[in-house]
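Peer 1: I have a structure I would like to understand better, so I am pasting it below and will then ask my questions one at a time.
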Amino acid sequence: WLPSRCPKATFIHIFANLPVVRAASRSLRNGNEAKTISVFAISDRRDISNKEIADISFVARRAAERLPRLRLVTVGRGSTPSEPKFLEALKGSSVEFSALGILPAEEVSRVIADSDVSLFVRGLVATQRGSAIASIANGVPLVAYAPSRLPPPLAEAGIVGVPYLDIEKLAEATVRVLVDPELWRDLHQRSLRAQKKYFSCEAVASRFLEVLNHRSEEHTSELQSRQYLVC
């Protein structure tokens, strides 16, 4: 609804609506813990959620074939209602499944931060997807359905994008992150840098001030009489 070039509009992405939690040092782990896949929020619509559950379960089952222990944890909206379908989809596999439901914000962050990888299958990942930004904010590698070229600033974060609805590549990417510690560390560090530079509330607030101050300097009188749109 906005023209491609609109001098009175600019884009400022959201920041994570969860507190940032840093998981305990991974060096303290003994190596026997289950690798954990986290999923923050499942869609409400049945037709969409059924596809999400099928894709996530496929990835978890495939990962469980490569790893001695694999946990799948869902948290947030849709987690508890989708639990029976996940249990059915995972039946016969070695996946350890937990549906944690809706938790206080800090506990949601803790669940994400303690995981080894997060999945995003609710359409294509984008800067307005808070559940995806939550993984970046907490330094957890994110495997997601994504456009062929990630838009900035997502391109600088620790995201492994795969073509939409390609569950084979989704599973391959997830397994690669789980079994390759060097890749994990690289994605982890990229997300930490992106969080500080782009996705923290301080970074977003600074961007608002930058935009508004710039417009104020150039068009003080015009801003007093017309609405300035930031979206």
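Peer 1: Which trypsin sites (Lys or Arg not before Pro) in the stretch 113-199 sit in a loop by DSSP (not H, G, I, E or B) and have at most 15 other Cβ atoms within 10 Å of their own Cβ?
Peer 2: Counting only loop positions with at most 15 other Cβ atoms within 10 Å, the trypsin sites (Lys or Arg not before Pro) in the stretch 113-199 are 149.
Peer 1: Quick one: compute the contact order of the stretch 73-217, relative version, from alpha carbon pairs under 8 angstrom and 6+ residues apart, as a percent. Each step should come with its number before you reach the end.
Peer 2: Values: 192 pairs, mean separation 26.4, N = 145.
Here the relative contact order equals 18 percent.
Peer 1: Looking at 80, 36, 49, which one has the Cα that reaches farthest to the positive end of the dipole of the stretch 35-81 (charges on Cβ: Lys, Arg +1; Asp, Glu -1)?
Peer 2: Among 80, 36, 49, the one farthest towards the positive end of the dipole of the stretch 35-81 is 36.
Peer 1: Something else: About the Cα centre, and with charges only on the beta carbon of Lys, Arg (+1) and Asp, Glu (-1), how big is the dipole of the stretch 49-169? Nearest 20 debye, please. Please list the in-between numbers first.
Peer 2: On the way: 14 positive and 13 negative charges, 43 e Å.
Using Cβ point charges on Lys, Arg, Asp and Glu, the stretch 49-169 gives about 200 debye.
Peer 1: Still on this model: How big is the accessible area of residue 120 in square angstrom, nearest 10, if you roll a 1.4 angstrom probe over the protein chains?
Peer 2: 10
Peer 1: Report, in listed order, any pair from 91/169; 35/85; 85/169; 35/91; 85/196 with a Cα-Cα distance greater than 29 Å. Don't skip to the answer; put the middle values down first.
Peer 2: Numbers: 91/169 22 Å; 35/85 22 Å; 85/169 23 Å; 35/91 19 Å; 85/196 37 Å.
Pairs exceeding 29 Å: 85/196.
Peer 1: How much of the accessible area of the stretch 77-188, in percent, comes from carbon and sulfur atoms when a 1.4 Å probe is used?
Peer 2: Details: 2580 of 4790 Å².
Using a 1.4 Å probe with all protein chains present, the stretch 77-188 comes out at 54 percent carbon and sulfur.
Peer 1: Would you kindly derive the ³J(HN,Hα) couplings of the stretch 159-174 from the backbone phi angles with the Karplus curve 6.51 cos²θ - 1.76 cosθ + 1.60 (θ = phi - 60°), listing them in order in whole Hz, with x for Gly and Pro?
Peer 2: Listing the rounded values in order: 10, 9, x, 10, x, 4, 6, 8, 5, 5, 5, 4, 5, 4, 5, 5 Hz.
Peer 1: Given the stretch 86-190, what whole percent of its Cα pairs are spread farther than 17 Å? Present the calculation step by step, with values, prior to reporting the outcome.
Peer 2: Details: 3042 of 5460 pairs.
That tail contains 56 percent of the Cα-Cα pairs.
Peer 1: Between residue 98 and residue 47, take the C-beta separation as r, use R0 = 25 Å, and let me know the FRET efficiency to the nearest 0.05. Walk me through the numbers on the way to the answer.
Peer 2: Details: r = 25 Å, r/R0 = 1.00.
Once the sixth-power term is evaluated, E becomes 0.50.
Peer 1: For residue 51, go through the aspartates and glutamates and keep the ones whose alpha-carbon is under 18 Å away, minus same-chain ones fewer than eight residues off.
Peer 2: Straight-line reach from residue 51, under 18 Å: 83, 88, 166, 168.
Peer 1: Note the per residue figure in Å³ for the convex hull of the C-alpha positions in the stretch 34-115.
Peer 2: Taking the convex hull of the Cα positions in the stretch 34-115, it is 71 Å³ per residue.
The values are calculated or read from the model by the stated rules, or taken from the named source; none is laboratory data. Bear in mind the structure is a predicted one, so any value in this text is a computation, not a measurement. All Cβ positions, glycine included, derive from the backbone under ideal geometry; neighbour counts span all protein chains shown. Only protein heavy atoms, including side chains, enter the accessible area calculation; ligands, DNA and RNA are left aside. Shrake-Rupley method; radii C 1.70, N 1.55, O 1.52, S 1.80 Å.
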